[in-house]
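Contents: one structure, followed by commentary.
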Amino acid sequence: MRVPFLELKPTYEELKPELDAAYHRVMDSGWYLLGQELAALEGEIADYCGTRHAVVVGSGLDAMHLVLRAWGIGTGHEVIVPSNTYIATWLAVTYAGARPVPVEPDLQTYNLDPDKIRGAISPRTRAILPVHLYGQPADMDPIMEIAREHGLLVLEDNAQAFGARYKGRRTGSLGDAAAHSFYPGKNLGAFGDGGAVTTNDAELARKVRMLRNYGSEIKYHHEYCGFNSRLDELQAAFLRVKLNRLDEWNQRRQRLAQIYLENLAGIDGLTLPRIAEGAETTWHLFVVRHSRRDELQKRLTAAGIGTLIHYPIPPHLSGAYAGYGWKHSDFPIAEELANTVLSLPMGPHLSEAQVGYVVQCLKNST
């Protein structure tokens, strides 16, 4: 049996009538940027996340970067980031001109450890940027408490957790603002790049809207040195169709995750995901750990099973941050995870039979 890590074509096949209708609706309108589809999508995202405002932009990275810019965070400032995350979280800080300050994760959830944040705060710290990694919400209550205690802003990186809940509240509504990604492989993915900002702060939303459009609110009147980060009407229309199915698709992921959890428990050397109390994950990724990860991955590949490593190189050891002076063992938990994590196939169009095959191959390979 062949089990791909993730297939995107079945999304179109399932939603073909609705997506084709959305395409014709946009093409027949004759309006392709900053139009009615985008405005409608922003309203629907805000309603879904439970915030007053949503601003849709060109990518998840842009969403983080533009929020930091709108907050006035830049040269001479620091932003606390997880040591264990995709590099885009760090790059947003760097693009704004600030310095990322890594903090290690909780080894149980792989998310930013609130107990380690206070030790990283300095007079230059302006914000905390927790990531809801793999679809599981970070422990936001203590993070927000620390932020309020020190006068810091909190920006959620919700790229992997659209639809998740923390103590009954949607991610994307837990901090001062949140950044979302609509990269095709995400739970809510476009047929191209895309992103969004959600917030209850009207002034922040206004500034991000301007920054995404050359710093302009009125044509040819530019208040800021802005950027071009505008999602086109086609992608907005497609995302509106997919948003209507998101909860159903996330429930499919939940069922598949339960099969993994129930059938992989007790396998020697295999560490399964742990979901914290009060957290409802989207299961964007199903990530296990194994001390002989590379050997295990080769065996699964030989059996026709696609896997990925999220992420093999911690940002502090990447070439992009070589000039910052970080070295091996500076962030040992992030490095341990990079050496042991393995993402198994997961997605709303994966069959239970395919997951069963993965389970059987894992039992035979460990």
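Some points to look at:
- Put a dot 7 Å past the Cα of Ala202, heading toward its Cβ, do the same for Glu13, and the two dots end up 4.8 nm apart.
- Overall, the anisotropy analysis places segment 145-240 in the oblate class: the square-rooted eigenvalues a ≥ b ≥ c of its C-alpha gyration tensor yield a/c not less than 1.5, with a/b not exceeding b/c.
- Virtual paramagnetic centre 7 Å along Cα→Cβ of Ala40, amide N under 14 Å, in segment 7-21: 18-21
- Each Lys or Arg adds one and each Asp or Glu subtracts one; over the other residues with Cβ under 15 Å from the Cβ of Leu317, this totals -3.
- Per-residue HN-Hα couplings for segment 358-366 [Karplus 6.51, -1.76, 1.60; θ = phi - 60°; Hz; x = Gly/Pro]: 4, 4, 5, 5, 5, 4, 7, 9, 10
- Filter on Lys9/Lys363; Lys16/Lys186; Lys167/Lys242; Lys242/Lys298 - keep pairs with C-alpha separation over 23 Å: Lys9/Lys363; Lys167/Lys242; Lys242/Lys298
- Sulfur and carbon atoms: percent of accessible area, segment 166-214 [1.4 Å]: 46 percent
- The chain: antiparallel DSSP beta bridges as a percent of all, rounded to 5: 60 percent
- Taking a point 7 Å out from the Cα of Asn339 in the direction of its Cβ, the residues of segment 286-320 whose backbone N falls within less than 19 Å of it are 288-298, 309-319.
- Dividing the helix sum by the residues of the chain, where each DSSP H run of 4 or more adds -39500 (n - 2.57), gives a mean residue ellipticity at 222 nm of -12000 deg cm²/dmol.
- Each Lys and Arg Cβ is given +1 and each Asp and Glu Cβ -1; about its Cα centre, the chain then shows a dipole of about 380 debye.
- J(HN,Hα) series, segment 251-267, from Karplus relation 6.51 cos²θ - 1.76 cosθ + 1.60, nearest Hz, glycine and proline x: 5, 4, 4, 4, 4, 5, 4, 5, 4, 4, 4, 6, 9, 9, 4, x, 6
- Rounded percent of accessible protein surface that carbon and sulfur make up, segment 231-311, 1.4 Å probe: 45 percent
- Of the beta bridges in segment 1-131, as assigned by DSSP with both residues counted there, near 10 percent are antiparallel.
- Part-to-part distance (alpha-carbon centres) for segment 105-179 and segment 68-100, which is given in Å: 14 Å
- Sorted on the mean count of surrounding Cβ atoms within 10 Å across their residues, most packed first, peptides 20-31, 122-133, 355-366, 243-254 read 122-133, 355-366, 243-254, 20-31.
- Looking at segment 75-183 alone, DSSP beta bridges between its own residues are antiparallel in about 20 percent of cases.
- Label point 7 Å beyond Cα of Glu223 along Cβ direction - residues of segment 25-62 with amide nitrogen under 12 Å: none
- Modelled spin labels at Phe191 and Arg148, positioned 7 Å past Cα toward Cβ, are 4.5 nm from each other.
- Solvent exposure of the chain, expressed per residue, is 42 Å² of accessible area, with all protein chains present and a 1.4 angstrom probe.
- Segment 217-355: C-alpha gyration tensor shape, a/c 1.5 cut-off, then a/b vs b/c: oblate
- Vicinal HN-Hα couplings computed from phi for segment 284-289 (Karplus, 6.51 cos²θ - 1.76 cosθ + 1.60; Hz; Gly/Pro x): 4, 10, 10, 10, 10, 10
The values are calculated or read from the model by the stated rules, or taken from the named source; none is laboratory data. All values derive from a computational prediction rather than experimental measurement. Neighbour counts run over all protein chains shown; Cβ positions are idealised from the backbone, glycine included. These accessible areas exclude ligands, DNA and RNA; they are computed on the full protein's heavy atoms, side chains included. Shrake-Rupley method; radii C 1.70, N 1.55, O 1.52, S 1.80 Å.
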